[in-house]
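In what follows, a single structure is set out as structure tokens and then discussed.
The values are calculated or read from the model by the stated rules, or taken from the named source; none is laboratory data. What you see is a predicted model; the values in this text were computed from it and never measured. Note: ideal-geometry Cβ built from the backbone for every residue, glycine included; neighbour counts use all protein chains shown. Accessible surface areas use protein heavy atoms only, side chains included; no ligands, DNA or RNA. Shrake-Rupley method; radii C 1.70, N 1.55, O 1.52, S 1.80 Å.
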Amino acid sequence: MDFKDKIDINNLPQHIAVIMDGNGRWAKKKGNQRIFGHKNGVKAVRDTVEGAAELGVKYLTLYAFSTENWNRPKQEVDALMSLLIATINSETDTLIKNNVRLLTIGDIDGLPKNVSKNLNELIDQTAKNTGLSLVLALNYSARWEIVNAVKEIIAENERTPINVENIDNEFFEKYLNTKNIPDPDLLIRTSGEFRISNFLIWQIAYSELYFTEVLWPDFRRKDLYEAIMDYQQRERRFGMISEQIKNNN
Ligand code: IPE
Ligand code: IPE
Ligand code: MG
């Protein structure tokens, strides 16, 4: 069933974040190597990006490689890095054509040189695009990001002392990789795992969470629509009570 027509375009999540999980299990179920799952995961990325862009979602963040993923067998890590370069190259024209702006979060300098170089080129090429902002989380973990923010604040304080009174949420957020990106309204995790795995822990403080059993290589825009429909049934109260929310609408 296609839910697209049932989506309320005036109540879209402006930022959707996705923990793309289940590639390895998908491949194993088919009697294949894990990397076969990663390769098929690219199709899911393409369809989800297109689906989000077409609806008019402003930001889509995809968790593609965590700092903890370096602990996987070297063969898998190497294959993921090669796949990343191949995907950047094969998708460049489509991203440009679809007016998508590419951004990254994570320690990009800590990726192999050829990966960071390719990424930075594509970021430059798409910088002026005004459609969907596609944020790739690469060599990313939320704890790394928060510790990194603290380091930057201390370094800045050594140059120009910071008034402690001025430190609040808004101040702190300027030192996160996601500065200028609104917090996710909706966080999706595929593959039936109910955990966050070190993703955006600061930013998802008030996100709506959606978990699906679908393994990432099988995820398509219809699954995105389902998640958005589910999101649109929810009442986001931000600590208030229902009557206050209803009165504001
Ligand atoms: C997600 O799929 C992709 C990455 C983490 C790079 P997995 O590779 O984690 O697949 P499962 O969870 O082992 O099935
Ligand atoms: C989270 O998936 C990271 C990405 C999707 C890139 P993992 O498969 O690495 O998470 P855990 O290890 O099962 O928590
Ligand atoms: Mg996994």
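Would you tally the residues in region 83-107 being more than 16 Å from ligand 2 (Cβ to nearest atom) and either of a type outside the set (A, V, I, L, M, F, W, C) or not in a helix (DSSP H, G or I) (or both)? Quick ask: steps written out before the conclusion?
At the first step, the residues of region 83-107 found to be more than 16 Å from ligand 2 (Cβ to nearest atom) are 85-86, 88-103.
Adding the requirement that they be either of a type outside the set (A, V, I, L, M, F, W, C) or not in a helix (DSSP H, G or I) (or both) leaves 89-94, 97-103.
Summing the residues that are more than 16 Å from ligand 2 (Cβ to nearest atom) and either of a type outside the set (A, V, I, L, M, F, W, C) or not in a helix (DSSP H, G or I) (or both) in region 83-107 gives 13.
Any idea which of (1) closer than 21 Å to ASN11 by Cα; (2) surrounded by fewer than 17 Cβ atoms within 10 Å (Cβ to Cβ); (3) within 16 Å of ligand 1 (Cβ to nearest atom) is the one ALA205 doesn't satisfy?
Single failed check for ALA205: (3).
If a residue must be surrounded by fewer than 19 Cβ atoms within 10 Å (Cβ to Cβ) and within 16 Å of ligand 1 (Cβ to nearest atom), how many such residues does region 178-202 contain?
Counting residues in region 178-202 that are surrounded by fewer than 19 Cβ atoms within 10 Å (Cβ to Cβ) and within 16 Å of ligand 1 (Cβ to nearest atom) gives 7.
Quick one: what pairs do we get from region 16-27, first residue in a strand (DSSP E or B), second open to solvent by 20 Å² or more (accessible area, probe 1.4 Å) and near ligand 3 (Cβ under 9 Å from one of its atoms), C-beta under 9 Å, 6+ apart or different chains?
Sorted first by the residue in region 16-27, then by its partner, the pairs are ILE19/GLU193; ILE19/SER197.
Is there a residue being under 26 Å from LEU55 (Cβ atoms), within 15 Å of the chain's Cα centre (by Cα) and outside any loop (DSSP other than H, G, I, E, B) anywhere in region 189-199?
Yes: one or more hits.
Enumerate the pairs (first residue in region 91-105 and under 16 Å from LEU55 (Cα atoms); second residue anywhere and assigned to a helix (DSSP H, G or I) and open to solvent by less than 40 Å² (accessible area, probe 1.4 Å)) with beta-carbon separation below 7 Å, excluding pairs fewer than 6 apart on the same chain, so at least 6 apart or on different chains.
Final answer for the pair search is LEU95/THR126; ASN98/ALA53; VAL100/VAL49; VAL100/ALA53; VAL100/THR126; ARG101/THR126.
Of all residues in region 50-69, count the ones that are part of a helix (DSSP H, G or I), under 22 Å from ASN10 (Cβ atoms) and not acidic (Asp, Glu). Don't jump to the end; show me each part of the working.
Here is the first cut: in region 50-69, the ones part of a helix (DSSP H, G or I) are 50-55, 67-69.
Imposing the further condition that a residue be under 22 Å from ASN10 (Cβ atoms) reduces the set to 50-55.
From what is left, the residues that are not acidic (Asp, Glu) are 51-53, 55.
Result for region 50-69: 4.
Counting only residues that are open to solvent by 60 Å² or more (accessible area, probe 1.4 Å) and either touching a helix residue (DSSP H, G or I) at 6+ places or on another chain (Cβ under 9 Å) or on the phi > 0 side of the Ramachandran plot (or both), how many does region 123-149 have?
Residues meeting the conditions: 3.
Would region 117-126 turn up any residue that is assigned to a helix (DSSP H, G or I), touching a Lys or Arg at 6+ places or on another chain (Cβ under 7 Å) and among the acidic types (Asp, Glu)? Spell out the reasoning first.
Kept after step one, since they are assigned to a helix (DSSP H, G or I), are these residues of region 117-126: 117-126.
Still in the running and touching a Lys or Arg at 6+ places or on another chain (Cβ under 7 Å): 126.
Next cut, among the acidic types (Asp, Glu) only: none.
No: zero hits.
To keep it simple, each residue is scored yes or no on (1) in contact with a Leu (Cβ under 7 Å, 6 or more places away or on another chain); (2) at pLDDT 95 or above; (3) within 14 Å of ARG221 (Cβ to Cβ); (4) away from ligand 1 (no atom under 14 Å from the Cβ).
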{"residue": "ARG25", "(1), (2), (3), (4)": "yes, yes, no, no"}
{"residue": "LYS39", "(1), (2), (3), (4)": "yes, yes, no, no"}
{"residue": "ALA44", "(1), (2), (3), (4)": "no, yes, yes, no"}
{"residue": "GLU50", "(1), (2), (3), (4)": "no, yes, yes, yes"}
{"residue": "ALA53", "(1), (2), (3), (4)": "yes, yes, yes, yes"}
{"residue": "TYR59", "(1), (2), (3), (4)": "no, yes, no, yes"}
{"residue": "ALA64", "(1), (2), (3), (4)": "yes, yes, no, no"}
{"residue": "GLU68", "(1), (2), (3), (4)": "no, yes, no, no"}
{"residue": "PRO73", "(1), (2), (3), (4)": "no, yes, no, no"}
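Listed here are the residues, each with its yes/no results for (1) away from ligand 3 (no atom under 16 Å from the Cβ); (2) within 16 Å of ILE228 (Cα to Cα); (3) surrounded by 14 or more Cβ atoms within 10 Å (Cβ to Cβ).
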{"residue": "ASP8", "(1), (2), (3)": "yes, yes, no"}
{"residue": "THR67", "(1), (2), (3)": "no, no, yes"}
{"residue": "GLN75", "(1), (2), (3)": "yes, no, no"}
{"residue": "ASP107", "(1), (2), (3)": "yes, no, yes"}
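Condition first: more than 16 Å from ligand 2 (Cβ to nearest atom) and in contact with an Asp or Glu (Cβ under 9 Å, 6 or more places away or on another chain). Can you find one or more residues in region 133-145 that meet it? Can you show your working first?
Keep residues of region 133-145 that are more than 16 Å from ligand 2 (Cβ to nearest atom), which gives 133.
From what's left, in contact with an Asp or Glu (Cβ under 9 Å, 6 or more places away or on another chain): none.
The answer is no, given that none of the residues of region 133-145 is more than 16 Å from ligand 2 (Cβ to nearest atom) and in contact with an Asp or Glu (Cβ under 9 Å, 6 or more places away or on another chain).
Mind checking whether some residue in region 222-241 is buried (at least 19 other Cβ atoms within 10 Å of the Cβ) and part of a strand (DSSP E or B)?
no
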